[in-house]
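Peer 1: Sending over a structure as structure tokens; questions will come in a sec.
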Amino acid sequence: MSVKKDIEVSKGTARTLSEYSPQVKFQKFEDSNEAGTIKELTKESEEKNNTWKKIMLGYSLMFISMFGIAIIHICEKMAFFHNPNLGIMDGVLILGLTTLPIGFIGNKIKGNTVSIFKYDWKVQILMMIATICSCCGHFVVMWSLSLISVGKATLVFNLHPLFCIFIAYIFLREKVDFLSILFSLLALFGIYFLTINETGHDGKPNSNATFGLMLVFISAWNEAGIIISQRVLALYGVDAILYPFYSSLGLTLFGFGGYIFYPQKMLFPYYSLYDLAFLSMVGIGLIANQSFAGCALEYQSSSRLAPLNYLENVFTLLSDVFIFGYMFFYTDYIGISIITICLCTPALVKLFSKDS
């Protein structure tokens with residue numbers, strides 16, 4: 001009896017000891033609610049890290065895109081600054097020739113056919129209108145940059161998000177909020193202050209400055225129309241990369257067409273390598289802007305990325321001072337401040353709103 005009892009005691013002791021072994025304890029821990037909670041927290045932490053990585057990637061890509069558009073405007077101004085006799089048609093043609101091959105290759109990589117005729121007739125007409133607007137817009141922006149400072153031009157041009165709201169109201173029946181109306185009216189006062197005491201880069205009175213601001217104001221409305229056209233094209237299922245190709249094609253045809261009717265405007269024989277380099281950099285900047293902006297929107301919403309676009313004005317205004325030696329008056333600073341408020345406030349309100 002004692003031997004049997006000792007065996008039972010030893011078995012019980014073995015079971016008790018086995019319950020405290022590391023393997024059994026780990027298995028019980030995995031099966032417990034505490035382990036499940038830790039796994040959920042770990043998974044949640046990993047998801048947050050991945051989300052932050054995507055957010056930072058989106059902001060980084062948009063910053064490169066914004067820098068691309070700053071390069072476009074600064075290099076266009078550099079070209080006119082270096083060679084006052086630069087032909088605007090030449091700039092449009094070089095811009096088209098630089099970006100056309102990239103647009104074609106990009107569509108082929110994505111498997112898109114560049115023919116627009118496979119789409120509905122409404123899409124064909126809309127793409128044609130957007131392409132014509134793009135050609136006219138680039139022409140007018142280059143024209144304005146030959147007359148006024150690049151900082152002032154980009155400030156006025158970047159008002160196009162405000163104008164988008166009104167065009168969307170007319171054609172898409174979207175709502176117009178009070179802030180948009182208020183800041184659009186304030187922006188007009190800002191533009192007015194920019195026209196006071198306007199001078200050229202050498203500090204002398206510039207009689208064409210007001211006309212230059214009018215041109216860039218028109219181009220801002222034109223850009224707003226292009227953005228609305230792209231939005232409608234997206235609703236019809238048109239790939240976003242197809243429009244840049246047609247825009248480049250339109251710029252190329254626009255440039256060549258100009259020489260057919262105005263052959264005296266062909267000034268290429270008088271250009272230096274610097275002139276051609278500046279105009280080619282415009283095309284490279286446009287490619288960077290279009291490519292990286294599209295990639296950034298895959299990782300972050302447009303409302304959160306929009307404020308980064310306005311950093312372009314910092315680069316262009318600094319280039320006015322340190323590259324082109326532009327002289328600003330106090331009225332310029334008032335106008336710049338008003339337009340900056342009109343640009344940033346709606347974007348920041350939308351950024352921190354609950355619906356964003």
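A short reminder: the numbers here are calculations on the coordinates, not readings from a lab. Here the structure is a predicted model, which is why all the values come from computation and not from measurement. We place every Cβ from the backbone using ideal geometry, glycine too, and count neighbours over all the protein chains shown.
Peer 1: Pulled fully out, how much extra length does the chain show between K122 and V349, if you take 0.36 nm times their separation in residues and subtract their Cα-Cα distance? Could the numbers behind the result be given before it?
Peer 2: Working: separation 227, 0.36 × 227 = 81.72 nm, distance 3.54 nm.
Length gained, K122 through V349: 78.2 nm.
Peer 1: Oh, and also: Under the rule of at least 5 residues apart or a separate chain, name every residue whose amide H is placed under 5 Å from the amide H of Y326.
Peer 2: When sequence neighbours closer than 5 places are left aside, the close amide H contacts are V321.
Peer 1: How much length is gained if the chain between L182 and M56 is pulled fully straight, taking 0.36 nm per residue apart and subtracting their Cα-Cα distance, in nm to one decimal?
Peer 2: Working: separation 126, 0.36 × 126 = 45.36 nm, distance 3.25 nm.
Contour length minus the Cα-Cα distance gives 42.1 nm.
Peer 1: Applying a 10 Å radius around every beta-carbon, put 60-68, 144-152, 99-107, 253-261 in order of their mean neighbour count, most first.
Peer 2: Top to bottom by mean Cβ count within 10 Å: 144-152, 60-68, 99-107, 253-261.
Peer 1: Under the Karplus relation 6.51 cos²θ - 1.76 cosθ + 1.60, θ = phi - 60°, what is the ordered set of whole-Hz ³J(HN,Hα) values for region 319-332, x standing for Gly and Pro?
Peer 2: 5, 4, 7, 8, 9, 9, x, 6, 9, 9, 9, 5, 5, 5
Peer 1: Sorting check: for 243-249, 336-342, 74-80, 180-186, which peptide has the highest mean count of neighbouring beta carbons within 10 Å, and how do the rest follow?
Peer 2: Those peptides, ordered most packed to least, come out 74-80, 243-249, 336-342, 180-186.
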